[in-house]
Structures are given as C-alpha cells and as structure tokens.
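Here is the structure we will look at.
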Amino acid sequence: QLVESGGGFVQPGGSLRPLCAASGFTLDNYAIGWFRQAPGKEREGVSYISKSGDTKYYTDSVKGRFTISRDNDQVYLQVNSLKPEDTAVYYCASTKTYTYESRWYFPSRYQYWGQGTQVIVSS
C-alpha cells in the first residue's frame, strides 16, 4: 500500500512537499511516479524518479517549479511557486516496469497507487 501525505491549502506562490511512503513493502525497489487529477480532468503524469534516483522526468508545466527526490524509502515532491492550476489530488504510484522509461506518464505502467493527497492553491 502506498500512502501520500503533505498536501494542503496554500496561496499562489506558496510551497508544499507531498510525501509518498509504502506500507508492507520497500519503496526503494520501485520506480515512482507522481500524478495529479483535477476535477473534471484526466489524470496526468507530473513527475517520475527511477529506482536508483538517477533518472527524473517532469511534465512541461511543472519544470523548474517541482523537484522529485527519494531518500530513506520515501519519495518527495517539492512543489514551489504553486499556481491555481496546480490544484488537484496528487497520487504516487509504483512500478517495476523499467523499459521505455521515457513513457513514464502512462498510468498503465504502474502497479500500485496511493489514495492521493489534496493540493489546493487559492488566494
């Protein structure tokens, strides 16, 4: 089971640090993707980190603002300069599919999903 935390309510320009942790298995054995889903929209890939942590990807809209990292069997998503359009439920997902990593944003690559953590950006 994956568990997300660290969401919240912030004003535009603010920061949060959502966290993904695992219960019952070792997260270090998986590559991890962060996705988000806003009301009425499809789930979209936000960021990805490989099992080793050496490979990272970001969707264009968050480049320069979001940073993914992993440490101590947890995966973090540092989100800075938040915008109202970043409002969504953020999910982490784990995968042992390591081929074609550039296709990290396909939800079907992931075997386990968390329940999500809400991020609301509003003034």
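The values are calculated or read from the model by the stated rules, or taken from the named source; none is laboratory data. Being a predicted model, the structure only gives us computed values, none of them experimental. We place every Cβ from the backbone using ideal geometry, glycine too, and count neighbours over all the protein chains shown. For accessibility, only protein heavy atoms count, side chains too; no ligands or nucleic acids. Shrake-Rupley method; radii C 1.70, N 1.55, O 1.52, S 1.80 Å.
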* Does Ala93 satisfy the criteria of being under 19 Å from Gly14 (Cα atoms), open to solvent by less than 10 Å² (accessible area, probe 1.4 Å) and at pLDDT 95 or above? -> no
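Would you mind stating whether Val119 is in contact with a Leu (Cβ under 7 Å, 6 or more places away or on another chain), open to solvent by less than 40 Å² (accessible area, probe 1.4 Å), aliphatic (A, V, I, L, M) and in contact (Cβ under 8 Å) with a residue 40 or more places away in the chain?
yes
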* Mind checking whether some residue in region 57-66 is more than 17 Å from Leu82 (Cα to Cα), loosely packed, with under 12 Cβ neighbours inside 10 Å, among the basic types (Lys, Arg) and modelled with pLDDT of 95 or more? -> no
* Asked: Does Gly24 satisfy being surrounded by fewer than 19 Cβ atoms within 10 Å (Cβ to Cβ) and at pLDDT below 95?
  -> yes
* Structure fact -> Within region 104-123, the count of residues that are assigned to a loop (DSSP other than H, G, I, E, B), more than 19 Å from Glu4 (Cα to Cα) and of a type in the set (Ser, Thr, Tyr) comes to 2
* Taking region 1-57, which residues are basic (Lys, Arg) and more than 15 Å from the chain's Cα centre (by Cα)? -> Lys41
* Structure fact -> Filtering region 83-123 down to residues that are of a type in the set (A, V, I, L, M, F, W, C) and in contact with a Cys (Cβ under 7 Å, 6 or more places away or on another chain) yields Cys92
* Every pair of residues 6+ apart whose Cβ atoms lie under 9 Å, when the first sits in region 62-75 and is among the small types (Gly, Ala, Ser) while the second is not in a strand (DSSP E or B) -> Gly64/Asn80; Gly64/Ser81; Ser69/Gly53
* Asked: Counting just the residues of region 78-90 that are open to solvent by less than 50 Å² (accessible area, probe 1.4 Å) and touching a helix residue (DSSP H, G or I) at 6+ places or on another chain (Cβ under 9 Å), which one comes out nearest to Tyr30 (Cα to Cα)?
  -> Val79
* Structure fact -> Output for Cβ contacts, cut-off 8 Å, separation at least six or different chains, first residue within 14 Å of Val89 (Cα to Cα) and open to solvent by 10 Å² or more (accessible area, probe 1.4 Å) in region 31-54, second of a type in the set (Gly, Ala, Ser) and assigned to a loop (DSSP other than H, G, I, E, B), reads Gln37/Gly116
